[in-house]
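Novice: Take this structure, written in structure tokens, and hold onto it; I'll ask about it next.
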Amino acid sequence: MSAPQANRLSGPLHDVAGDAGHVDHPPRVGFFTDTSVCIGCKACEVACKEWNAVPEDGLSLSGMSYDNTVSLGASTWRHVAFIEQIGHGPPAAGEVTPAPDGAGEPGDVRWLMSSDVCKHCTHAACLDVCPTGSLFRTEFGTVVVQDDICNGCGYCVPACPYGVIDIRPGDGRAFKCTLCYDRLGAGLEPACAKACPTQSIQFGPLDELRERAAARVDELHAAGTTEARLYGESPDDGVGGDGAFFLLLDEPEVYGLPPDPVVTTRDLPSMWRHAAAAAGTMALAVGAAFLGSRGGRR
């Protein structure tokens with residue numbers, strides 16, 4: 001068993017489950033999503049909803065290609081993005097974006113598809129700000145919401161650097177992906193990974209997934225797909241590395257992902273130090289003014 005670690009709010013953290021107090025826990029597990037083989041079938045979305053009894057999230061048409069779920073939310077724990085890239089030029093705002101230089105002639109269309117999910121961050125700001133303990137770190141290193149404890153305060157929503165967790169309308173509580181915590185406890189893989197027909201969504205020990213992902217990037221580069229890159233796999237990034245990371249074929253912004261996510265609670269210690277210093281200075285000023293006024297009356 002590894003040595004105890006001081007609880008930290010940012011930076012690399014080797015043992016997230018141990019940091020949360022779990023002893024003799026299994027290896028940390030997560031997702032590696034290889035977007036280069038995603039076919040946009042949405043089997044992951046359906047499997048997630050069926051297994052977790054997630055309610056429907058609207059039956060309207062968005063008008064954005066085949067993407068009618070639009071984004072992750074309290075009732076959308078898996079979201080398959082469809083990005084159409086037409087011609088050349090730098091990425092533009094919206095779902096239809098120009099392809100990188102050399103990707104095709106004007107009028108050519110390239111489809112990028114990606115199944116997004118909660119990142120189960122090493123440093124999860126949603127967990128840090130939860131006042132009731134509804135959000136907790138499991139023995140598998142994942143982050144889960146206990147909906148029977150959630151009071152609907154909503155602090156977790158702005159705390160998430162990815163905009164994943166949300167309040168469910170009509171319910172008032174927060175919901176997100178649990179990485180099928182109940183299935184993990186029974187020795188099963190999450191429903192979305194089980195249902196994926198192309199192994200775009202891969203589940204397993206996080207260290208093994210990172211090695212597999214690095215080899216996949218090398219393979220794609222050797223095949224001429226030089227724009228392939230990993231997103232969220234590095235323990236040195238702003239959230240200490242994600243428990244669910246991705247192989248992308250373009251910039252993160254094209255997929256609706258922040259380019260440089262940072263855990264929003266990272267600066268809390270310095271903020272409290274500055275607040276304490278300001279409070280101390282104010283107390284000294286008030287004390288000096290009080291003593292000065294008393295001395296002036298003598």
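Bear in mind that the values in this text are calculations on the coordinates, not laboratory data. Here the structure is a predicted model, which means the values were calculated and not measured. Glycine also receives a Cβ, built like all others from the backbone with ideal geometry; neighbour counts cover every protein chain displayed.
Novice: Against the 2.2 N^0.38 Å scaling, with N counting residues, where does segment 207-266 land? I'd like the Cα-based Rg ratio to two decimal places.
Specialist: Dividing the Cα radius of gyration by 2.2 N^0.38 Å gives 1.17.
Novice: Sticking with this one: Among Asp34, Asp148, Asp166, rank each residue by its count of other Cβ atoms within 10 Å, from fewest to most, as a rough exposure measure.
Specialist: By the 10 Å Cβ count, ascending: Asp148, Asp166, Asp34.
Novice: Please report the spacing between the Cα centers of segment 10-37 and segment 118-170 in Å, no decimals.
Specialist: Spelled out, the Cα-based centre of one part sits 16 Å from the other.
Novice: Can you sort Leu59, Leu249 so the residue with the fewest Cβ neighbours within 10 Å comes first?
Specialist: Final ranking by Cβ density, sparse to dense: Leu59, Leu249.
Novice: Taking the number of other C-beta atoms within 10 Å as the exposure measure, put Phe136, Phe203 in order starting with the fewest.
Specialist: Ranked by crowding around the Cβ, least crowded first: Phe136, Phe203.
Novice: For segment 20-37, what does the Karplus curve 6.51 cos²θ - 1.76 cosθ + 1.60, with θ = phi - 60°, yield as ³J(HN,Hα) per residue in whole Hz, taken in order and with x for Gly and Pro?
Specialist: After applying 6.51 cos²θ - 1.76 cosθ + 1.60, I find 8, x, 7, 10, 6, 8, x, x, 5, 10, x, 10, 10, 9, 8, 5, 5, 10 Hz.
Novice: May I ask you to evaluate 6.51 cos²θ - 1.76 cosθ + 1.60, the Karplus curve with θ = phi - 60°, for each residue of segment 113-128 and list the ³J(HN,Hα) values in order in whole Hz, giving x for glycine and proline?
Specialist: For segment 113-128, the Karplus curve yields 10, 8, 9, 8, 6, 4, 8, 6, 4, 4, 10, 9, 5, 4, 5, 4 Hz.
Novice: Here's a follow-up. Pop out the ³J(HN,Hα) list for segment 248-263 in order, Karplus 6.51 cos²θ - 1.76 cosθ + 1.60 with θ = phi - 60°, rounded to Hz; leave Gly and Pro as x.
Specialist: So the Karplus estimates, Gly and Pro as x, are 10, 10, 7, 4, x, 4, 4, 8, x, 9, x, x, 9, x, 10, 4 Hz.
Novice: Quick one: the Cα spread of segment 146-265 along its three principal axes, in angstroms, biggest first?
Specialist: So the extents along the principal axes, rounded to whole Å, are 51, 34, 24.
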